[in-house]
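Everything on this sheet refers to the single structure shown next.
Coordinate-derived values only; no laboratory data. From a predicted model like this one, the values you see are computed outputs, not experimental measurements. Ideal geometry is used to build each Cβ from the backbone, glycine not excepted, and the neighbour counts take in all protein chains shown.
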Amino acid sequence: MKVALVSLGPKGGAVHYVFSLANALVKYSEVIIITADYVDETYFSPKIKIIKVKTGKNRKGVLLNSFNIFNFYKIWKIFSNINVDIVHFASQHPWNFIVSFFVKQPIAYTLHDPKTHLGENPLVAFFYYLMILRANKIFVHSKIYLKKMLERNFYSKRVHYIPHGVLSFFSEWQNKDIKEELSVLFFGRIEKYKGIKYLLQAFYLVQKKIPIVKLIIAGEGKLDSYKKLINSISNIQILNYFIPDSGVAKLFQKAKVVVLPYIEATQSGVPFIAYTFKKPAIVTATGGLPELVDDGETGYIVKPADSVGLAQAIIKILKNEKNRKKMGQKGFEKMSKEFSWDKIALKTIEIYKEYSATDP
């Protein structure tokens, strides 16, 4: 089977997902990847043919390139000349809908975020929705959103649950000389829906019980609205920029626990990074996050927007070092058993092959 993967985003979690999927798929099929010109080719297997297109490093760059008609002509030429059985749009991007009209083959689409997040640009979200209408096969990462889409009368043979896979490649940068610190880590892009307010409120309560604990917030995004809360807390480190892959391992190695205080969510790759480094994860009971944590076993699940409950979970983990290590080990085992890329690749190919002219 010949597969073309399309991923037009230049950095971050989408790229991690796509190269991990591509490297697994190429063991069982021929793979072409059509991706942004800024993406590092060294992540991909040498067996994969890479075709790069100019998209833009950030939102401003994407917007400017959106008016470059010659650029879209080049993309059209790419799809006119490739010979594949299926085209899989493996990450969300505002251009996907337009580019899909250049495709003659069946289309698969990984819908990473089946609902619009708080603070997300509604126009961009609209283009994501339009892409759903173009796809013959739709993949979602959580069982709860599979159920919700089927309840919205999506044809059962069209929507499939394919989980996110492990992100163990980050361990390549692991340094045995780095020691754990008594610290709590929030990692990822700063967005309204991620509940930074409740994390800061919770950490204030944690410090009353464990005064020497440290909070690390690592990721790009606007923190202006949290300044008052940040200033009320001691022993906090803020790395307010995009963390390169080479810097991720150090953060997770140092942390005792990883926290996702989201007030709403679809899914996240962050728990997989936590499990890679054998760290327990605390998530909120929203979206597909509870599917990634076995409550009381690999971490804890707390209510969204509940600072007190979040604080209690953090304290519970930090106060019991033996159990904390046990949770981290169980998380590592869960990740390895349930979310291997080989399993995901084989399941994905199986669904590719299901496509027939009778599908809607």
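A few notes on this one:
- Cα lying deepest toward the dipole's positive end in the chain, options L111, M149, Q201, charges on Cβ: Q201
- Förster radius 30 Å - calculated FRET efficiency between Y241 and S171 (Cβ-Cβ, nearest 0.05): 0.85
- Partner lysines for K254 [C-alpha distance under 21 Å; skip if fewer than 8 residues away on the same chain]: K176, K179, K209, K214, K278, K279, K316, K319, K322, K325, K326, K330
- The dipole here belongs to region 168-338: it is taken about the Cα centre, uses +1 on the Cβ of Lys and Arg and -1 on the Cβ of Asp and Glu, and is about 640 debye.
- Residues whose placed amide H lies under 5 Å from that of I282, excluding near-sequence neighbours: V258, V259, L260, Y300
- Normalising the Debye intensity of region 17-72 to I(0), with uniform scatterers on Cα atoms only, and taking log10 at q = 0.12, 0.22, 0.27 Å⁻¹ returns -0.34, -0.82, -1.01.
- Between L182 and L205, the contour length at 0.36 nm per residue exceeds the Cα-Cα span by 6.7 nm.
- Extent of region 168-338 along its three principal axes (Cα atoms, max minus min coordinate, largest first): 42, 31, 30 Å.
- Estimated FRET transfer efficiency (L150, K319; beta-carbon r; R0 41 Å; 0.05): 0.45
- Taking the Kirkwood radius as Rh and the Cα radius of gyration as Rg, the chain has a ratio of Rg/Rh equal to 0.97.
- Summary value for the chain: 15 percent relative contact order, contacts being C-alpha pairs under 8 angstrom separated by 6+ residues.
- Cβ-based charge dipole, the chain, positive-most Cα from L318, L346, P244: L318
- Here the chain is treated with +1 on each Lys and Arg Cβ and -1 on each Asp and Glu Cβ, and its dipole about the Cα centre works out to around 500 debye.
- Region 134-196, dipole about Cα centre (Lys/Arg Cβ +1, Asp/Glu Cβ -1), debye to the nearest 20: 700
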